[in-house]
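Right, one structure below, let's go through it.
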Amino acid sequence: MRKVYIIILLSVFMPLLASAQDDLSNLIQAGTENANALAEGYVQPFMKGFGTGLGSGWLNTAKAHKTLGFDLTVTVNGAFVPDKDLSYNPSRVGQNSSLTLLSPDAAPTMFGRDEEPRYAYSYTHEGRTFSGEFDGPASVIDIKNDMPMSVVPVPMAQLGIGIIKNTDIKIRWTPEVDVEDGSFKLIGFGVMHDIKQHIPGIKNLPFDLSAFVGYTSVSFDIPFDEEVNTTGGGVYTNNGLGQLDVNTLTGQATISKKISVLTVYGGVGFNRVRSKIKLKGDYVVRDDFGNSESVSNPIDLSFKEGGVKLNAGFRLKLAIVTLHADYTVQQYDVLSVGFGFAVR
């Protein structure tokens, strides 16, 4: 199952990240400060959606396992991208520079319309003026028209193990995987503890109440090379490296009630996301008039998201097989569905 999960995870994100890497490198010809402003607007929905999905799907019951009981669960978390995040206008440009969106009225983000925006730019570097026009990136996926739902899917597998005093530990992990000369790594851990047992007057009532905290970290490195061209405008590199790092911290209180094979549950908590995306390496940038400059490590972006979340869902348990689904209301709402195997 672990190998199947890794294949699914990489098949979802490898095309997105590989395409985004090339698209971001193309923006450098507008100057590094302008490129960072454009890149921020372009990738922000992915960073929000991926981070939100990464911090979801931890729990489908508030009841802890007995000692050495366990469950193995596979969940797909779909973070809904709102229409307002399908396009953007550059919010800032660098000093001694200008950047104009010529067409259309708003540029698509990674999940917007499949339409290349046209930019005009001008900036000054070391006393020289660089100017010209170029086509920015269209969407990687037209999420509104090409997918059944406007979601960023985040598949996740985890193992839960009961230890002592009605406490579970949760583990999310993949080994470091080599991907097209790059690497992918995921690790996560969490703790769920039955808090009802510590509250006088309710510990014998027929429901379960737990507190949970969990952390997940993903890193993805993708090298890329393009032969340096000596003529024409554009961006060229022979040692480019795209880096993505996303970390989530999740905490919540969950209540659940089991009725025969059905468990209904709900929770309230928070999800905090910290993410970075970088383009490293050495790049040669040429404008439309043959001026050229060399830049290193041109894009370095950080994102901070988070807030309160509320969720509700249900789980069916047939012998040791479980099926579950829930919906979480937060900055990017998330629909989670999955299955698993649970013992004790």
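The values are calculated or read from the model by the stated rules, or taken from the named source; none is laboratory data. Please read these numbers as outputs of a predicted model, since none were measured by experiment. Neighbour counts run over all protein chains shown; Cβ positions are idealised from the backbone, glycine included.
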> Can we say Phe303 is aromatic (Phe, Trp, Tyr), over 30 Å from Gly233 (Cα atoms) and touching a helix residue (DSSP H, G or I) at 6+ places or on another chain (Cβ under 8 Å)?
Replying inline: yes
>> Looking only at the stretch 156-187, filter to residues that are under 26 Å from Leu335 (Cβ atoms), at pLDDT 95 or above and of a type outside the set (A, V, I, L, M); which one of those is farthest from the chain's Cα centre (by Cα)?
In response: Asp168
> When you look at Val235, is it surrounded by 17 or more Cβ atoms within 10 Å (Cβ to Cβ), within 23 Å of Ile28 (Cα to Cα) and modelled with pLDDT under 90, yes or no?
Replying inline: yes
> If you scan the stretch 183-216, which residues turn out to be touching a residue at least 40 places away in the same chain (Cβ under 8 Å) and part of a loop (DSSP other than H, G, I, E, B)?
Replying inline: Ile195, Pro206, Phe207
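Of all residues in the stretch 29-38, which are closer than 26 Å to Gln331 by Cα and crowded, with 24+ Cβ neighbours inside 10 Å?
Once the filter is applied, which keeps residues that are closer than 26 Å to Gln331 by Cα and crowded, with 24+ Cβ neighbours inside 10 Å, the stretch 29-38 yields only Leu38.
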> So which residues in the stretch 298-333 are of a type outside the set (Phe, Trp, Tyr), in a strand (DSSP E or B) and farther than 26 Å from Gly162 by Cβ?
Replying inline: Ile299, Asp300, Leu301, Ser302, Lys304, Glu305, Gly306, Gly307, Val308, Leu310, Val329
>> It is to be established whether one or more residues within the stretch 133-150 are in a loop (DSSP other than H, G, I, E, B), under 17 Å from the mean Cα position of the chain (by Cα), of a type in the set (A, V, I, L, M, F, W, C) and at pLDDT 85 or above.
In response: no
> What's the number of the condition Val264 fails, among (1) of a type in the set (A, V, I, L, M); (2) modelled with pLDDT under 90; (3) surrounded by fewer than 18 Cβ atoms within 10 Å (Cβ to Cβ); (4) touching a Phe, Trp or Tyr at 6+ places or on another chain (Cβ under 6 Å)?
Replying inline: (2)
> When the residues of the stretch 230-288 are filtered to those that are acidic (Asp, Glu) and in a strand (DSSP E or B), which remaining residue is nearest to the chain's Cα centre (by Cα)?
Replying inline: Asp245
> Among the residues of the stretch 28-86 satisfying the criterion of being among the β-branched types (Val, Ile, Thr) and either free of Cβ contacts under 8 Å to residues at least 60 places away in the same chain or not in a loop (DSSP other than H, G, I, E, B) (or both), which is nearest to Ser210 (Cα to Cα)?
Replying inline: Thr73
